[in-house]
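Below you'll find the structure, written out as structure tokens, and then a few comments.
The values are calculated or read from the model by the stated rules, or taken from the named source; none is laboratory data. The structure displayed is predicted, hence computed values, not measured ones. With ideal geometry, Cβ positions are generated from the backbone for all residues, glycine too; neighbour counts draw on all protein chains shown.
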Amino acid sequence: MTEAIADTSFLIDWARYSRRDLLWRLFDVVHLPESVLAEIYGEGTLAWIVDGLASRRMALFTETEDVVDLARRIVSLSRALPARGVDLPEAVCLAAGLKFGYVVLTENGGAVMAPSFLNELSPVKVMRALDVLHALAQAGHIGLREEVARYQVETGHRFAKRDLRRLGLE
């Protein structure tokens, strides 16, 4: 069973995508930390989360003391590096990813880079929306070019040209 944990940036964008339920083709459960849920106010995002919780495709992640302690350490370490820092909700996702083997879903640049800068986090797999779309295409669920275009139009999220080039889309 493949499980993920998502931060605010990923959830807000992904909820705007009309084919958002494709996420369940890759993940059996997506965990939502309490600190992430507290940051979400948009009606569309909240409605999608409520549906996900009701269908048991999403689950509330209770932040235990050991996870929060590790997350605080990640925040502190990330501030000392030349890369973008990681805020506590994203650090909770990274800590849970390390502790429980969850894939971390984020659009936060600091969280994306953290496993390459912090050796302790090197086992953590981090995926952005473009990575999720690529994985869906690799599994034969979507046509990558078409879905990337749809995602960008529907969400207003523009992927970096270098990332699109890496996938042969630019």
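Looking at (1) surrounded by fewer than 14 Cβ atoms within 10 Å (Cβ to Cβ); (2) under 25 Å from residue 149 (Cα atoms); (3) at pLDDT below 95, can you tell me which one residue 9 breaks?
(1)
For segment 94-105, what are the residues that are assigned to a helix (DSSP H, G or I) and aliphatic (A, V, I, L, M)?
Listed by number, the residues that qualify are 94, 95, 96, 98.
From the list 78, 122, pick out the single residue that is farther than 16 Å from residue 4 by Cα, touching a Phe, Trp or Tyr at 6+ places or on another chain (Cβ under 8 Å) and not basic (Lys, Arg).
Of the residues listed, the single one that is farther than 16 Å from residue 4 by Cα, touching a Phe, Trp or Tyr at 6+ places or on another chain (Cβ under 8 Å) and not basic (Lys, Arg) is 78.
Does segment 106-132 hold any residues that are touching a Lys or Arg at 6+ places or on another chain (Cβ under 8 Å), of a type in the set (A, V, I, L, M, F, W, C) and not in a helix (DSSP H, G or I), and which are they?
Of everything in segment 106-132, nothing turns out to be touching a Lys or Arg at 6+ places or on another chain (Cβ under 8 Å), of a type in the set (A, V, I, L, M, F, W, C) and not in a helix (DSSP H, G or I).
Quick check on residue 68: is it of a type in the set (A, V, I, L, M, F, W, C) and more than 18 Å from residue 10 (Cβ to Cβ)?
Spelling it out, residue 68 is indeed of a type in the set (A, V, I, L, M, F, W, C) and more than 18 Å from residue 10 (Cβ to Cβ).
Please give the number of the condition residue 94 fails out of (1) in contact with a strand residue (DSSP E or B) (Cβ under 8 Å, 6 or more places away or on another chain); (2) buried (at least 22 other Cβ atoms within 10 Å of the Cβ); (3) touching a residue at least 40 places away in the same chain (Cβ under 8 Å); (4) under 16 Å from residue 33 (Cα atoms).
(3)
When you go through 114, 71, 129 one by one, which is the residue that is touching a Cys at 6+ places or on another chain (Cβ under 9 Å), closer than 15 Å to residue 7 by Cβ and buried (at least 20 other Cβ atoms within 10 Å of the Cβ)?
Selected residue: 71, the only one of 114, 71, 129 that is touching a Cys at 6+ places or on another chain (Cβ under 9 Å), closer than 15 Å to residue 7 by Cβ and buried (at least 20 other Cβ atoms within 10 Å of the Cβ).
Among the numbered criteria (1) of a type in the set (A, V, I, L, M); (2) farther than 28 Å from residue 21 by Cβ; (3) in a loop (DSSP other than H, G, I, E, B), which single criterion is violated by residue 142?
Here residue 142 clears every test but (2).
Go through segment 21-39 and give me each residue that's under 19 Å from residue 157 (Cα atoms) and either touching a strand residue (DSSP E or B) at 6+ places or on another chain (Cβ under 9 Å) or crowded, with 19+ Cβ neighbours inside 10 Å (or both).
Result: 23, single match.
Considering only residues that are closer than 21 Å to residue 162 by Cβ and either out of contact with any Asp or Glu (no Cβ under 7 Å at 6 or more places or on another chain) or hydrophobic (A, V, I, L, M, F, W, C) (or both), which ones fall in segment 124-135?
Within segment 124-135, 125, 126, 127, 129, 130, 131, 132, 133, 134, 135 qualify.
Being in contact with a strand residue (DSSP E or B) (Cβ under 6 Å, 6 or more places away or on another chain), at pLDDT below 95 and closer than 15 Å to residue 10 by Cβ is the requirement here; does residue 103 meet it?
For residue 103, the condition - in contact with a strand residue (DSSP E or B) (Cβ under 6 Å, 6 or more places away or on another chain), at pLDDT below 95 and closer than 15 Å to residue 10 by Cβ - is not met.
Whether any residue in segment 137-155 is modelled with pLDDT of 95 or more, within 23 Å of residue 37 (Cα to Cα), out of contact with any Cys (no Cβ under 9 Å at 6 or more places or on another chain) and not hydroxyl-bearing (Ser, Thr, Tyr) is what I want to check.
Looking through segment 137-155, at least one residue is modelled with pLDDT of 95 or more, within 23 Å of residue 37 (Cα to Cα), out of contact with any Cys (no Cβ under 9 Å at 6 or more places or on another chain) and not hydroxyl-bearing (Ser, Thr, Tyr).
What number of residues within segment 148-170 satisfy the criterion of being part of a helix (DSSP H, G or I) and either farther than 13 Å from residue 16 by Cα or among the β-branched types (Val, Ile, Thr) (or both)?
10
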